[in-house]
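Structure first, then comments.
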Amino acid sequence: MKKLWFPVLAVVSFAACKNDGQQNTTAKMDYPAIPVSYPATATEDVKDDYFGTSVDDPFRWLENDTAANTEAWVKSQNVVTQDYLGKIPFRDAVRDRFEELFNYPKYGAPYQVGEYYFFSKNDGLQNQSVLYRQKGLDGAPEVFIDPNKLSDKGTVAISIAGVSSDDKFLTVSRSEAGSDWSEIQVYEVATMKQMPDVLKWVKFSGGAWWKDGFFYSRYPEPAKGTELSGNNMNHWVYYHKLGEPQSKDKLIYKDDKNPSYYHNAQVTEDEKHLFIYAAPGTDGYAVLHKDLNTDGPIKTLFEGYKNKTSVVHNIGNKVLALTDIDAPNYRLVEVDLSKPDKANWKELIPESENLLEGCSTGGGKLFASYLEKATNRIYEMNYDGTGKKALTLPGLGSAGSPGGKESHKSLFYTFTSFLYPPTIFKYDVASGQSSVFQETKLKFNPADYVENQVTYTSKDGTPVTMFVVHKKGLKMDGSNPCQLYAYGGFNISLTPSFSTSRIMLLENGGVFAMPNLRGGGEYGEAWHKAGMLMKKQNVFDDFIAAAEYLIAEKYTTKERLGISGGSNGGLLVGAAMTQRPDLFAVALPAVGVMDMLRYHKFTVGKGWIPEYGSSEESAEMFNYLKGYSPVHNLKPGVKYPATMVTTGDHDDRVVPAHSFKFAATLPAGAQRRQPRAHPHRNGRRARCWQAHFQGD
């Protein structure tokens, strides 16, 4: 992957880190400012008319990510950035300490496939986790696929996309350099042999097995040169028969009237039913149903597109469905496929004051996962919702629900928090007891730190919760560097998670803060809707109020406060730093959605219209988007926070054009604070969708 670092950034004052893994008591150090001279960026006379308003777009040419002049511009920016970063006196110490902290084995929870268990493992510093299998829980692990050997630079990522019902075959999704494009391959479980089946131009799809093949979703092959920036259309569902070429795959479902919609397939464990999720974008979708026993027609089961309903499991002709219909915090209902009208639904788990985040099944049991103040609670139940009992978790944090086939006796889940590294637990279905299966060993002592949850008040009086993590006994006198990180969108919930990079901040007297902004999913659909479309400003207000709270409570000062976020969180950082440039010392927008007037014109950006709205739909929406669009709100003469913009050249979700144009506009028209620097990781990892349609 090419390195795409952009105009340099700033810093919180870090101490030189010791290499003994112990708490660092070295005094914070400072160093002389390093002068930076940015290369000029060419402009062109481009204007767009929106409902009678003319908008300049002088850096439109940077949208062409494959053009020679764009590549030359990137190289010139990288020369400046790398020259600057290379002069930081304590950069090597920071890198060495981070490498030491990060260098520990990392495991993924096992999943049973017949007599084998599959799991991922990274020895410590491998670019990609390796997929292993072992026979039984006591068998010797053996490498199934090592993606690090699939490319020279370790930029190929793999994941299991599906398992055949007879446990003989795996579908494996392979993607390169962080792109959303993936290639589906098939492996035989017993022999570990790769089959000749290779499916291309796949995006946002699993492999839903049925009989001797599987359903999957793909786009048509894009025109050459547009693979990473072109507008993706016609995401149709196909059926692939094992052993046949992709050219013979059968088209199962298409929607010519709505070529921009996403479509994903799901097959029930008993292989009797196919469900197709049809989504205009990242919020709300319809569910279609096909009876596979009778090869029946495809019919609408749940209407779109104002709600979200997903099938959890089926018992014959009845399905268990998680839905927000008449329940913003979600509920679980039983739906008879022969009479699916809402009047005939049977409620199994009613809506409660806490978000019913998800449901899973395994071992003949149902597992309901709740979010209570952005931390997980998990309960085992019978399929009818009776027999509820809580799983004992190690504390307040994040846990995935156990899941597997009905025949499985042992299930697995992972628990983590800010100070509790990911630990895998085995759940015995018969006894209902959990036990540690795989524990993480670290080179620091979590007992030296504390994680709290506070509540502050946003601009309009709304209470917002925030996690705050720091060293025990840290003096709250305003002298502490602080990283404020958030997301605030697409119904995505931010819950406690472990990060070694944060440990380096904490052990040097820093504070990490993560608020649960409106627009996220932590408090249900109402919380989400309060931060989308023409209420998006609530998200920025919540974030700004979090910063003001941290300063008022003397966790930090504005001179030591840095803000960070990626994707929709990058938009958040861009909007916050343009609206309140006085409030932050450092801004780290990563892969941000920075041009809110044109985001929908690239790859899958149109799928975010239900979340953001479109500049083309009305004058009112255009004016609202332009009012916070980061690219359009940078002003000459303003002292913005020292800023580093990062993106990735294979990011075909939030295309690099957003970051290019923001980076070009910032030095061209804004007087900036003297920057200092701290290294920020380059590029972007591929991400999986949550539920069916995770947004950015």
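The values are calculated or read from the model by the stated rules, or taken from the named source; none is laboratory data. These numbers come from a predicted model, not from an experiment. Cβ atoms come from the backbone with ideal geometry, glycine included; neighbour counts cover every protein chain shown.
Which fully enclosed strands (runs of 3 or more DSSP E) of segment 184-234 have 2 or more residues being of a type in the set (Phe, Trp, Tyr)?
Values: elements: 194-202, 208-210, 213-218.
It comes to 208-210, 213-218.
Sort out which residues of segment 187-219 are under 14 Å from Ser175 (Cβ atoms), of a type in the set (A, V, I, L, M, F, W, C), surrounded by 15 or more Cβ atoms within 10 Å (Cβ to Cβ) and touching a residue at least 40 places away in the same chain (Cβ under 8 Å), and write them in order of number.
If the condition is that a residue be under 14 Å from Ser175 (Cβ atoms), of a type in the set (A, V, I, L, M, F, W, C), surrounded by 15 or more Cβ atoms within 10 Å (Cβ to Cβ) and touching a residue at least 40 places away in the same chain (Cβ under 8 Å), then Leu199, Phe204 are the ones that fit.
Quick check: is even one residue across segment 285-293 farther than 28 Å from Ser352 by Cα and modelled with pLDDT under 95? Steps first, answer last, please.
Residues of segment 285-293 farther than 28 Å from Ser352 by Cα: 289-293.
Still in the list and also modelled with pLDDT under 95: 293.
Yes, some residue in segment 285-293 is farther than 28 Å from Ser352 by Cα and modelled with pLDDT under 95.
In segment 469-491, what residues are out of contact with any Ser or Thr (no Cβ under 6 Å at 6 or more places or on another chain), in contact (Cβ under 8 Å) with a residue 12 or more places away in the chain and surrounded by fewer than 21 Cβ atoms within 10 Å (Cβ to Cβ)?
Once the filter is applied, which keeps residues that are out of contact with any Ser or Thr (no Cβ under 6 Å at 6 or more places or on another chain), in contact (Cβ under 8 Å) with a residue 12 or more places away in the chain and surrounded by fewer than 21 Cβ atoms within 10 Å (Cβ to Cβ), segment 469-491 yields Lys471, Lys472, Leu474, Met476, Asp477, Ser479.
Being under 26 Å from the mean Cα position of the chain (by Cα) and not aliphatic (A, V, I, L, M) is the filter; apply it to segment 287-312 and report the residue that is surrounded by the fewest Cβ atoms within 10 Å (Cβ to Cβ).
If we take residues in segment 287-312 being under 26 Å from the mean Cα position of the chain (by Cα) and not aliphatic (A, V, I, L, M), then Lys306 is surrounded by the fewest Cβ atoms within 10 Å (Cβ to Cβ).
Quick one: in segment 389-447, which of the residues that are of a type in the set (Phe, Trp, Tyr) and in contact with a Leu (Cβ under 7 Å, 6 or more places away or on another chain) is nearest to Thr500 (Cα to Cα)? Full working, then the answer.
Here is the first cut: in segment 389-447, the ones of a type in the set (Phe, Trp, Tyr) are 412-413, 415, 418, 420, 425, 427, 437, 444.
When the remaining residues are screened for being in contact with a Leu (Cβ under 7 Å, 6 or more places away or on another chain), the result is 415, 427, 444.
Numbers: Phe415: 16, Tyr427: 27, Phe444: 10 Å.
Going through the qualifying residues, I end up with Phe444.
Counting only residues that are among the β-branched types (Val, Ile, Thr) and crowded, with 23+ Cβ neighbours inside 10 Å, which one in segment 496-513 is modelled with the highest pLDDT? Quick ask: steps written out before the conclusion?
Taking segment 496-513 as the starting set, the residues that turn out to be among the β-branched types (Val, Ile, Thr) are 500, 503, 511.
If we keep only those that are crowded, with 23+ Cβ neighbours inside 10 Å as well, we get 503, 511.
Numbers: Ile503: 91, Val511: 98.
Among them, the one singled out is Val511.
Out of everything in segment 198-230 that is more than 22 Å from the chain's Cα centre (by Cα) and among the β-branched types (Val, Ile, Thr), what residue ends up being nearest to Thr294 (Cα to Cα)?
Step by step, filter segment 198-230, then rank; the result is Val198.
With the requirement that a residue be touching a strand residue (DSSP E or B) at 6+ places or on another chain (Cβ under 8 Å), under 23 Å from Asp291 (Cα atoms) and surrounded by fewer than 21 Cβ atoms within 10 Å (Cβ to Cβ), what does segment 334-365 give you?
Glu334, Asp336, Leu337, Pro340, Asn344, Trp345, Lys346, Ser360, listed by residue number.
Provide a single number: the residues in segment 240-267 that are in contact (Cβ under 8 Å) with a residue 24 or more places away in the chain, among the hydroxyl-bearing types (Ser, Thr, Tyr) and surrounded by fewer than 19 Cβ atoms within 10 Å (Cβ to Cβ).
Qualifying residue count for the region: 2.
Give me the residue from segment 220-232 that is touching a residue at least 60 places away in the same chain (Cβ under 8 Å) and not hydroxyl-bearing (Ser, Thr, Tyr) and, out of that set, nearest to Gln266 (Cα to Cα).
Of all residues in segment 220-232, those touching a residue at least 60 places away in the same chain (Cβ under 8 Å) come to 225, 227-232.
Filter again for not hydroxyl-bearing (Ser, Thr, Tyr), leaving 225, 227-228, 230-232.
Numbers: Gly225: 32, Glu227: 27, Leu228: 27, Gly230: 27, Asn231: 25, Asn232: 22 Å.
Filtering segment 220-232 for residues that are touching a residue at least 60 places away in the same chain (Cβ under 8 Å) and not hydroxyl-bearing (Ser, Thr, Tyr), the one nearest to Gln266 (Cα to Cα) comes out as Asn232.
Does Ser182 satisfy the criteria of being of a type outside the set (Lys, Arg), within 22 Å of the chain's Cα centre (by Cα) and under 15 Å from Asp652 (Cα atoms)? Working first, answer last.
On the way: of a type outside the set (Lys, Arg): yes; within 22 Å of the chain's Cα centre (by Cα): yes; under 15 Å from Asp652 (Cα atoms): yes.
It is true that Ser182 is of a type outside the set (Lys, Arg), within 22 Å of the chain's Cα centre (by Cα) and under 15 Å from Asp652 (Cα atoms).
Starting from segment 447-468, take each residue that is acidic (Asp, Glu) and list its partners that are assigned to a strand (DSSP E or B) and at pLDDT 95 or above, counting only C-beta distances under 6 angstrom and pairs at least six apart or across chains.
Close Cβ pairs satisfying both conditions: Glu451/Val469.
Given the conditions (1) surrounded by fewer than 19 Cβ atoms within 10 Å (Cβ to Cβ); (2) within 30 Å of Asn231 (Cβ to Cβ); (3) at pLDDT 95 or above, which single one is not true for Ser173?
Answer for Ser173: the failing condition is (1).
Condition (residue is part of a loop (DSSP other than H, G, I, E, B) and within 30 Å of Lys405 (Cβ to Cβ)) applied to segment 455-467: is it met by at least one residue?
Within segment 455-467, the first condition is being part of a loop (DSSP other than H, G, I, E, B), and the residues that meet it are 458-462.
Restricting the remaining residues to those that are within 30 Å of Lys405 (Cβ to Cβ) gives none.
Within segment 455-467, none of the residues are part of a loop (DSSP other than H, G, I, E, B) and within 30 Å of Lys405 (Cβ to Cβ).
Restricting attention to segment 41-61, report how many residues are among the hydrophobic types (A, V, I, L, M, F, W, C), touching a Ser or Thr at 6+ places or on another chain (Cβ under 9 Å) and more than 28 Å from Glu620 (Cα to Cα).
Total meeting the criteria: 0.
Take segment 360-392 and flag every residue that is acidic (Asp, Glu) and within 16 Å of Gln433 (Cα to Cα).
Within segment 360-392, the first condition is being acidic (Asp, Glu), and the residues that meet it are 372, 380, 384.
If the condition is that a residue be acidic (Asp, Glu) and within 16 Å of Gln433 (Cα to Cα), then Glu380 is the only one that fits.
Is one or more of the residues making up segment 435-446 of a type in the set (Ser, Thr, Tyr), under 26 Å from the mean Cα position of the chain (by Cα), under 16 Å from Met514 (Cα atoms) and not in a strand (DSSP E or B)?
Taking segment 435-446 as the starting set, the residues that turn out to be of a type in the set (Ser, Thr, Tyr) are 435, 440.
Add one more test, that the residue is under 26 Å from the mean Cα position of the chain (by Cα), and what stays is 440.
Among the residues that remain, those that are also under 16 Å from Met514 (Cα atoms) are: none.
No: zero hits.
Could you say whether any residue in segment 45-60 is part of a helix (DSSP H, G or I) and touching a residue at least 12 places away in the same chain (Cβ under 8 Å)?
Going through segment 45-60, the residues part of a helix (DSSP H, G or I) turn out to be 60.
Next, only the ones that are touching a residue at least 12 places away in the same chain (Cβ under 8 Å) stay: 60.
Yes, some residue in segment 45-60 is part of a helix (DSSP H, G or I) and touching a residue at least 12 places away in the same chain (Cβ under 8 Å).
Has segment 114-128 got at least one residue that is among the polar types (S, T, N, Q), in a helix (DSSP H, G or I) and more than 19 Å from Lys426 (Cα to Cα)?
Within segment 114-128, not a single residue is among the polar types (S, T, N, Q), in a helix (DSSP H, G or I) and more than 19 Å from Lys426 (Cα to Cα).
Which helices (runs of 4 or more DSSP H) sit wholly inside segment 518-621 and have at least 2 residues that are surrounded by fewer than 20 Cβ atoms within 10 Å (Cβ to Cβ) and in contact (Cβ under 8 Å) with a residue 40 or more places away in the chain? Show your work before the answer.
Details: elements: 525-529, 537-552, 568-579, 609-612.
Counting at least 2 such residues, we get 525-529, 537-552.
Check Glu616, Glu611, Glu620 and return the single one that is among the charged types (D, E, K, R), modelled with pLDDT of 95 or more and under 23 Å from the mean Cα position of the chain (by Cα). Working first, answer last.
Values: Glu616 fails: under 23 Å from the mean Cα position of the chain (by Cα); Glu620 fails: under 23 Å from the mean Cα position of the chain (by Cα).
Of Glu616, Glu611, Glu620, the one residue that is among the charged types (D, E, K, R), modelled with pLDDT of 95 or more and under 23 Å from the mean Cα position of the chain (by Cα) is Glu611.
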